[in-house]
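The values are calculated or read from the model by the stated rules, or taken from the named source; none is laboratory data. Remember, it's a predicted structure, so these values are computed and weren't measured experimentally. Because the Cβ atoms are built from the backbone with ideal geometry, glycine has one as well, and the counts that use them run over all protein chains shown.
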Amino acid sequence: MVFAHDTEVALAGAVALVNTLDGDDDHLTDVAALDKFLDTWGFTGTRTHDAQELEAVRALRPQLRALWDSDKDEIAQRVNDMLRAGHALPQLAKHDGWDYHLHATAPEAPLATRMAVEAAMAFVDVVRSQALDRLRICGMPDCNAVTIDLTKNKSKRYCDGGCSNRAAVAAYRARQAASQGSMA
C-alpha cells in the first residue's frame with residue numbers, strides 16, 4: 001500500500017469524479033447518476049438529492065482536475081483553499097465497517113464540501129509524501145483522463161476507462177504487422 005487505505009480510496013474517488021467529465025461527455029447528467037456514483041464510491045453523510053447538490057458536485061470537477069495540472073506549490077495552495085473553504089477540522093471516524101480513518105467535515109456538511117475536503121486531505125498526503133509523480137494523465141494519445149498510480153512500482157500508464165486494453169491491442173497489431181512485413 002502506497003498510502004493509508006482511506007487516502008487511496010479518496011484519491012481513486014477524486015480520479016473517478018474528475019473523469020465523469022470527458023470533454024463534452026458528462027456522466028453526471030442527473031441526480032440518479034450522482035446517486036449511482038456516490039453508491040459506487042461509498043460516500044456517506046447527509047444528502048439533499050436535488051439539482052443544486054448535483055451542480056455543486058459537478059462544479060467541483062474542474063477544481064480537482066486542476067490539481068493534476070499544477071506544480072507542488074500550486075497544489076498546496078489549492079488544497080489549502082479547499083480545506084479553508086470546507087472549514088476542515090480533521091477527526092478520527094469509524095463507520096460502515098471501516099476502522100478509524102480521517103474525516104475533516106461533519107456528516108451534515110454539503111456533499112460537494114465533503115467531497116472537496118476528502119480529496120484535499122488525500123492530496124495533503126500526496127504532497128507530504130513527495131508523491132506528485134503518481135498523478136498522471138492517461139498515456140493514450142487520444143485520452144485526457146486523469147489517474148493516480150497506486151502501484152508499488154509506479155508502472156500505471158493508463159486510465160481505468162479501457163485505454164490499457166486499447167494500447168495492448170494496438171501494440172499487438174503493430175507487432176503482427178511488423179512480423180507480416182518482415183516475412184514479405
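Miscellaneous remarks
- Within the stretch 103-135, considering residues that are within 27 Å of Leu28 (Cα to Cα) and hydroxyl-bearing (Ser, Thr, Tyr), the one modelled with the lowest pLDDT: Thr105
- Annotation: Ala33 fulfils all but one of (1) part of a helix (DSSP H, G or I); (2) touching a residue at least 40 places away in the same chain (Cβ under 8 Å); (3) aliphatic (A, V, I, L, M); the unmet one is (2).
This table checks each residue for (1) of a type in the set (A, V, I, L, M); (2) more than 24 Å from Leu92 (Cα to Cα); (3) part of a helix (DSSP H, G or I).
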residue	(1), (2), (3)
Thr113	no, no, yes
Ala120	yes, no, yes
Phe123	no, no, yes
Pro141	no, yes, no
Thr147	no, yes, no
Cys159	no, yes, no
Ala170	yes, yes, yes
Arg173	no, yes, yes
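- Condition check for Val117: of a type in the set (A, V, I, L, M), surrounded by 14 or more Cβ atoms within 10 Å (Cβ to Cβ) and out of contact with any strand residue (DSSP E or B) (no Cβ under 9 Å at 6 or more places or on another chain): no
- Scan of the stretch 62-78 for residues that are under 14 Å from the mean Cα position of the chain (by Cα) and aliphatic (A, V, I, L, M), ordered by number: Leu64, Ala66, Leu67
- Scanning the stretch 152-184 for residues that are surrounded by 10 or more Cβ atoms within 10 Å (Cβ to Cβ) and touching a residue at least 12 places away in the same chain (Cβ under 8 Å) gives Lys154, Lys156, Arg157, Tyr158, Cys159, Asp160, Gly161, Cys163, Arg166, Ala167.
- If the condition is being closer than 21 Å to Thr20 by Cβ and of a type in the set (Asp, Glu), then the stretch 49-104 contributes Asp50, Glu53, Glu55, Asp69.
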